[in-house]
Amino acid sequence: MSGLLAGKRLLVTGVITDASIAFSVAKLAQENGAQVVLTGFGRLSLVERIAKRLPEPAPVIELDVTNAEHLAGLADKVREHVDGLDGVVHSIGFAPQSCLGGGFLDAPWEDVATALQVSTYSYKSLAMAALPLMSAGGAVVGLTFDATKAWPVYDWMGVAKAGLESASRYLALHLGKQGIRSNLVAAGPLRTIAAKSIPGFDQFEDAWTERAPLGWSLTDQEPAARACLALLSDWFPATTGEIVHVDGGYHAIGA
Ligand SMILES: NC(=O)c1ccc[n+]([C@@H]2O[C@H](COP(=O)([O-])OP(=O)(O)OC[C@H]3O[C@@H](n4cnc5c(N)ncnc54)[C@H](O)[C@@H]3O)[C@@H](O)[C@H]2O)c1
């Protein structure tokens with residue numbers, strides 16, 4: 001098999017529909033020579049159905065990143081399909097409704113804690129769960145939404161993403177000696193299930209549509225997926241703790 005990821009074995013989390021960023025990553029990765037194992041959360045039969053739409057049907061392992069048993073058993077379950085991993089994709093985010101849509105001042109700690117556990121801490125948890133399979137080094141790649149600014153309606157999810165961006169740098173620090181790189185893609189707004197759960201998400205859509213220097217498609221996951229592939233490939237061998245913006249250039253302008 002030829003392609004950017006020829007011979008690479010990847011674990012891809014976060015597929016729930018074919019609009020998921022993770023679905024585009026898995027599809028493009030297979031088209032570029034990678035062997036893909038998926039994880040699914042909750043609605044496993046749905047994820048399995050979506051997995052069949054990939055160029056090669058991919059196995060699906062159940063993983064709730066807040067479940068210690070799932071995390072502890074992950075490496076053995078992945079080993080049933082591949083003998084090691086060269087890359088792991090974290091494409092997971094969740095915040096209870098109280099944490100979004102302007103609820104910043106009122107969201108209770110229990111809800112904020114859930115947002116942080118699923119969206120931030122899980123980046124480290126997933127990497128550690130996969131580590132036994134990465135003895136030859138490899139790449140961990142996650143998805144963020146530029147957390148250097150306070151956005152209207154993003155609220156505690158924005159705080160969770162700021163934490164994720166920091167966690168990625170710490171993972172880079174702590175796993176660098178083992179040849180493991182950690183990088184994030186900061187995507188612009190895309191119409192996925194996670195996005196639709198944010199009340200007022202249309203404000204992002206309007207802002208990007210009007211102002212992104214390169215223009216922006218709300219329904220094209222491929223640019224973000226391509227950046228994930230690049231970071232998983234051998235073409236960023238000396239890059240870690242980095243955030244690549246795939247947002248039509250929005251982050252660079254002062255509008
Ligand atoms: N859609 C956007 O506009 C956008 C922009 C920038 C970054 N992102 C990020 O991209 C990533 C993927 O989101 P998406 O937009 O593709 O939406 P999505 O809804 O398709 O994917 C989110 C995934 O998180 C999974 N998930 C939630 N709780 C989980 C848990 N406890 N354990 C394991 N998995 C769990 C869901 O099952 C789902 O597959 C998220 O980190 C999101 O914050 C999205």
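Every residue, every condition in (1) within 13 Å of the ligand (Cβ to nearest atom); (2) out of contact with any Pro (no Cβ under 7 Å at 6 or more places or on another chain); (3) in a helix (DSSP H, G or I), yes or no:
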position: THR148; (1), (2), (3): no, yes, no
position: TRP156; (1), (2), (3): yes, yes, yes
position: GLY163; (1), (2), (3): yes, yes, yes
position: ILE198; (1), (2), (3): yes, yes, no
position: ASP206; (1), (2), (3): no, yes, yes
position: CYS228; (1), (2), (3): yes, yes, yes
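I'm trying to understand the selection: among the residues of segment 3-62, which are in a loop (DSSP other than H, G, I, E, B) and without any contact (Cβ under 8 Å) to a residue 12 or more places away in the chain?
Listed by number, the residues that qualify are LYS52, PRO57.
Restricting to segment 126-162, name every residue that is buried (at least 19 other Cβ atoms within 10 Å of the Cβ) and among the hydroxyl-bearing types (Ser, Thr, Tyr).
Step one: list which residues in segment 126-162 are buried (at least 19 other Cβ atoms within 10 Å of the Cβ), which gives 126-127, 129-130, 133-134, 138-147, 154-161.
Matches in segment 126-162: THR144, TYR154.
I'd like the full set of residues that are away from the ligand (no atom under 12 Å from the Cβ) and among the hydroxyl-bearing types (Ser, Thr, Tyr), limited to segment 230-255.
Across segment 230-255, the qualifying residues are SER233, THR239, THR240.
Which numbered condition trips up PRO152, out of (1) more than 21 Å from LEU232 (Cα to Cα); (2) modelled with pLDDT of 95 or more?
Evaluating PRO152 over (1) more than 21 Å from LEU232 (Cα to Cα); (2) modelled with pLDDT of 95 or more leaves (2) as the failure.
How about segment 114-128: which of its residues are free of Cβ contacts under 8 Å to residues at least 60 places away in the same chain and within 13 Å of the ligand (Cβ to nearest atom)?
Within segment 114-128, THR114, ALA115, LEU116, GLN117, VAL118, SER119, THR120, TYR121, SER122, TYR123 meet the criteria.
Could you check LEU190 against (1) crowded, with 17+ Cβ neighbours inside 10 Å; (2) assigned to a helix (DSSP H, G or I) and say which number it fails?
(2)
Has segment 182-196 got at least one residue that is hydroxyl-bearing (Ser, Thr, Tyr) and touching a strand residue (DSSP E or B) at 6+ places or on another chain (Cβ under 9 Å)?
Yes, because at least one residue in segment 182-196 is hydroxyl-bearing (Ser, Thr, Tyr) and touching a strand residue (DSSP E or B) at 6+ places or on another chain (Cβ under 9 Å).
Take the residues in segment 3-26 that are buried (at least 22 other Cβ atoms within 10 Å of the Cβ) and more than 8 Å from the ligand (Cβ to nearest atom), then tell me which one is nearest to SER233 (Cα to Cα).
LEU5
The values are calculated or read from the model by the stated rules, or taken from the named source; none is laboratory data. What you see is a predicted model; the values in this text were computed from it and never measured. Reconstructed Cβ throughout: ideal geometry from the backbone, glycine too, with neighbour counts over all protein chains shown.
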